[in-house]
Amino acid sequence: MKESVPGRKIYIIGAGIAGTMLAAEIKSKGVFGSVTAFLDDDPAKIGVNIDGIPVLGPVDSVIRVMNIGPKDEALIAIPGAPPERLRNIYGNLRDAGFNKIKLLPNIAQIVEGPAHLIQTREIDPQDILGRAPVAINLKESLAYLRGKRVLITGAGGSIGGEIARQLLSGGAERLYLFGHGENSIYQIDRELRLLQEGGVGEKATIVPVIGDLQDRDYIHNIMPKLHCDVVFHAAAYKHVPMMEENPVAAVGNNVFGTKNLLDACLESGVPRFVLISTDKAVKPVSVYGASKFICEKLTLQAAKKTEDFPAAKGSHAYMFVRFGNVLGSRGSILPLFLSQIKKGGPVTVTDPEMERYFMTIPEACSLVLKTGGVGENGSSYLLDMGQPLKIIDIAALLIRFSGYEPGKDIKIEITRKRPGERLSEPLWDENEEPVKTGFPKIFKLRQKQTAEEAEDDDVKTGELLEKLSAVCKYSAGNPEVYRNKDILISYLREAVPSLDEFYRETSDGTGNKR
């Protein structure tokens, strides 16, 4: 057996099943250090020994009197702990002098199945923000994917990557990791293989696929060869201010990439398709929001076409799932604020009243996977986002998470709204009504449109796509509009009243954005 790290004592917070499994793995591998003690609040466990390791408690009292060495490590193994409790434990551990604090994340496959050391990671701000996630029986939720082939677009991104991680426990036969960026796909491919080597999940075959959804010929060529049963479409350009500067790229990638994928899925007989959407598609005020607004329409239109395209297996279920912000995603405020804190501030907040709905990435993905199995063809779904959080409160909490005091050590600076931003984001519009389903935290959006209105809307969407296509794709017969972002914006404003109204309100009188 290899020698353990000399002098490193490991304290495991949580003497339950997860904690004891991690202790046994640490002991068997003998390379990470030695478990000195469990810390737990359960009176029935305090004072006993588990495999020769004492259980001390209560947790908060013991932490305050511990003598911590510079190499010592704390490992929080309480997968069901709410964010408030994790925030308290983390603060006490940090105050006690722990430089290394790791966490066994609160995700469904750990609650239900064996815990592995490879699943632990450094504690992250998203772990102590937001609400306690809903408990989902993930294995039961993923039963519909057992033995199936699943394609995840945008698999190298925050949402796509987490969907892939959770699918390891679903018994899928094959996971296709589709993406445009080779580095991000390489990273998630490597991570999934390491998780499998560490004993996580079942032995799904992992297949990385590099490609561009905007390449219609390529997508129509490859989809029949993959024999997919389910597609989770998470790929999109998402950064709002950047897409305001690059509107043609946003529409080309998000709208026409989605249309190419939907068309190819229908023609190749893919039975189930799930679009990952966003609250920014509701009464959109940004190019990104408008692009996702159109994607939602395209998905529902595709669902109507399924009767003309027989599914390879079973029946069709084409749908979208909409939710708000996720904590810790690329380009989100968490990594931005943390980088600002690291350089000493200031932390910039656009408006003291700005608020957003937030959900952790693992919870959002668990609910998306659940919806993908129970969702019906042509239906729209909304995740229950709970109560919105003020951005300025998140900034203050992150400053404290980093060991500083807001206003004293790190300044919070109020700037102004950037292009495409609003103070709050609605989750549905006047043509939709959220109704409860039989599943916690999942709403179905009942459409209030009549059949005639929906048909007219489809015609208008088709006409809009023809106009946008001339801007995004070169045509010898209409070269003057190619990649002309002003013309593209005018088409979007004409088709999306909320976008036109927002541009008018934020213009300087000449039609230019302030």
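The values are calculated or read from the model by the stated rules, or taken from the named source; none is laboratory data. Every value quoted in this text rests on a predicted model; they were computed, and no experiment measured them. Every residue, glycine as well, gets a Cβ built from its backbone with ideal geometry; the counts of neighbours run over all protein chains shown. Keep in mind that these areas ignore ligands, DNA and RNA; they rest on the heavy atoms of the full protein, side chains included. Shrake-Rupley method; radii C 1.70, N 1.55, O 1.52, S 1.80 Å.
Assorted remarks:
- Most to least packed among 408-414, 89-95 [average Cβ atoms within 10 Å]: 89-95, 408-414
- Take the Cβ atoms of LYS29 and ASP212, set R0 to 60 Å, and the FRET efficiency comes out at 0.90.
- For the peptides 252-262, 144-154, 305-315, residues were scored by their other Cβ atoms within 10 Å and the scores averaged per peptide; the highest-first order is 252-262, 144-154, 305-315.
- Residue-span extension gain [ASP486 to ASN183] - 0.36 nm each, minus C-alpha spacing: 105.8 nm
- Mean Cα-pair separation over length for the stretch 426-514, i.e. relative contact order, pairs under 8 Å, 6 or more apart, %: 13
- Nonpolar atom fraction for the chain, defined as the carbon and sulfur part of the 1.4 Å probe accessible area, stands at 51 percent.
- With a Förster radius of 35 Å applied to the beta-carbon distance between PHE309 and LYS139, the computed FRET efficiency rounds to 0.65.
- Given LYS297/LYS460; LYS297/LYS444; LYS9/LYS71; LYS238/LYS444; LYS9/LYS100, the pairs whose alpha carbons are separated by over 18 Å: LYS238/LYS444
- Over 29 Å (Cα to Cα) - which of LYS29/LYS203; LYS139/LYS390; LYS292/LYS436 fall in this group: LYS139/LYS390
- In the chain, the DSSP beta bridges split such that about 20 percent are antiparallel, to the nearest 5.
- Hits among aspartates and glutamates - C-alpha to C-alpha of LYS411 under 19 Å, sequence gap 8 or more where chains match: ASP351, GLU353, ASP393
- For ILE118, the shell of other residues with beta-carbons less than 15 Å away shows a net charge of +2, using +1 for Lys and Arg and -1 for Asp and Glu.
- Adding -39500 (n - 2.57) for every DSSP H run of four residues or longer, then dividing by how many residues the chain holds, sets the calculated 222 nm ellipticity at -11500 deg cm²/dmol.
- Mean separation of Cα contacts under 8 Å, 6 or more apart, over the residue count of the chain: relative contact order %: 11
- ILE76 long-range amide H proximity, modeled H, under 5 Å: ILE13, LYS102, LEU103, LEU104
- With R₀ set to 35 Å, the beta-carbon distance separating GLU267 from ARG190 gives a calculated FRET efficiency near 0.60.
- Between GLU413 and ARG64, the contour length at 0.36 nm per residue exceeds the Cα-Cα span by 122.2 nm.
- Each Lys or Arg adds one and each Asp or Glu subtracts one; over the other residues with Cβ under 14 Å from the Cβ of TYR318, this totals -2.
- Phi to ³J(HN,Hα) by Karplus 6.51 cos²θ - 1.76 cosθ + 1.60 over the stretch 139-156, Hz, x for Gly, Pro: 4, 5, 5, 8, 4, 5, 9, 5, x, 9, 9, 10, 9, 10, 7, x, 5, x
- The stretch 111-240, relative contact order in percent, only Cα pairs under 8 angstrom and at least six apart counted: 29
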